[in-house]
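S.K.: Pasting a structure here, questions to come.
The values are calculated or read from the model by the stated rules, or taken from the named source; none is laboratory data. Note that this is a predicted model, so its numbers are computed, not measured. Don't worry about glycine lacking a Cβ; one is built from the backbone with ideal geometry, like all the others, and counts go over all protein chains shown. Heavy atoms of the whole protein, side chains included, go into the accessibility calculation; ligands, DNA and RNA do not. Shrake-Rupley method; radii C 1.70, N 1.55, O 1.52, S 1.80 Å.
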Amino acid sequence: MRILIVEDDDRVGSALEAFLARSGYATVRAADGASAMALLGADTEVVLLDLGLPDVDGIDLCRRIRSRSEVPIVVVTARSQVTERIKGLRAGADDFVVKPYDVHELLARIEAVTRRSRPMRPETDGLVTIHGGEVEIDLVARQVRVDQHPIDLTPKEFDIIAVLARYPGVAVPKDRLIREVWNTDWRGFSHSLEVHIGAIRKKTGAHRIIDTVRGVGYRLVGS
Ligand code: CA
């Protein structure tokens, strides 16, 4: 899971999910506050929070999410009043988008808040280990070590591994990898991505570090 969409309007929610899926994001949707809290997990990357919900006040929900998680929250609302914006930000929201919004603008905001919030996963301290420590991915030194020996990788190869290493064991869509590594939405890089993955596999030899997830993309093997 990547983006938790909290939206009670089914039409708006479905359209948003379709757009984000096309942009390479996995989404999960909650139509009320109770299911939003139930779906909020350690792997939630961003919360898109509509303030007008049937069961709870959106500002209260924002505060509750913030009390449980450091996840970036983008508040989405039809209420354009300045007071709502201030309340939302005080309740822990990272950004604010007023309906009707342009989906590309929303995407830009999502990407901005996720960039701000994830320089490094604190729990890994920049070091991701797999295969019981036989393979180390050092995000600070930009190095992959197999049995303590550094592997000679190109910068792009390391970039691909680094994106996957942020979510060990989680399938990362191809579109997402292409966007993060090549900074483009052009699917023409799909072949290039496959070639790089092949090269990484060759260089890491018998230690399989990347799995293909058919129809989705790739994932770093679990620890
Ligand atoms: Ca609503």
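S.K.: Kindly indicate the residue of region 1-20 that is among the hydrophobic types (A, V, I, L, M, F, W, C) and within 15 Å of Ile73 (Cβ to Cβ) and also nearest to the ligand (Cβ to nearest atom) among those meeting that condition. Walk me through how you get there before you give the answer.
M.R.: Of the residues in region 1-20, the ones among the hydrophobic types (A, V, I, L, M, F, W, C) are 1, 3-6, 12, 15-16, 18-20.
Going one step further and asking which of them are within 15 Å of Ile73 (Cβ to Cβ), we end up with 3-6.
Working: Ile3: 17, Leu4: 15, Ile5: 11, Val6: 9 Å.
Across region 1-20, the extreme among qualifying residues is Val6.
S.K.: Would you point out which residue out of Thr184, Thr154 is at pLDDT below 90 and of a type in the set (S, T, N, Q)? Let's see the steps before the verdict.
M.R.: Details: Thr154 fails: at pLDDT below 90.
On inspection, the qualifying residue turns out to be Thr184.
S.K.: Please go through region 21-44 and pick out each residue that is hydrophobic (A, V, I, L, M, F, W, C), under 30 Å from Asp175 (Cα atoms) and either within 13 Å of the ligand (Cβ to nearest atom) or open to solvent by 30 Å² or more (accessible area, probe 1.4 Å) (or both).
M.R.: Within region 21-44, the first condition is being hydrophobic (A, V, I, L, M, F, W, C), and the residues that meet it are 21, 26, 28, 30-31, 34, 36-40, 42.
Remaining after also requiring under 30 Å from Asp175 (Cα atoms): 21, 26, 28, 30-31, 36-40, 42.
Passing the criteria: Ala21, Ala26, Val28, Ala30, Ala31, Ala36, Ala38, Leu39, Ala42.
S.K.: Select, from Val47, Val71, the only residue that is crowded, with 21+ Cβ neighbours inside 10 Å, in a loop (DSSP other than H, G, I, E, B) and either away from the ligand (no atom under 16 Å from the Cβ) or of a type in the set (A, V, I, L, M) (or both).
M.R.: Values: Val47 fails: in a loop (DSSP other than H, G, I, E, B).
The conditions single out Val71.
S.K.: Select the helices (runs of 4 or more DSSP H) contained entirely in region 143-218, then report the ones holding at least 1 residues which are among the charged types (D, E, K, R) and surrounded by fewer than 13 Cβ atoms within 10 Å (Cβ to Cβ).
M.R.: On the way: elements: 155-165, 174-182, 190-203.
In region 143-218, the matching helices (runs of 4 or more DSSP H) lie at 190-203.
S.K.: List the number of the failed condition for Ser80; all other conditions in (1) open to solvent by 10 Å² or more (accessible area, probe 1.4 Å); (2) away from the ligand (no atom under 16 Å from the Cβ); (3) small (Gly, Ala, Ser); (4) modelled with pLDDT under 85 hold.
M.R.: Going through the list (1) open to solvent by 10 Å² or more (accessible area, probe 1.4 Å); (2) away from the ligand (no atom under 16 Å from the Cβ); (3) small (Gly, Ala, Ser); (4) modelled with pLDDT under 85, Ser80 breaks only (2).
S.K.: Show the residue pairs meeting these rules: Cβ distance below 7 Å; 6+ apart or different chains; first residue within region 53-76 and closer than 16 Å to Ile5 by Cα; second residue assigned to a strand (DSSP E or B) and open to solvent by 30 Å² or more (accessible area, probe 1.4 Å).
M.R.: Sorted first by the residue in region 53-76, then by its partner, the pairs are Gly58/Gly52; Val74/Asp95.
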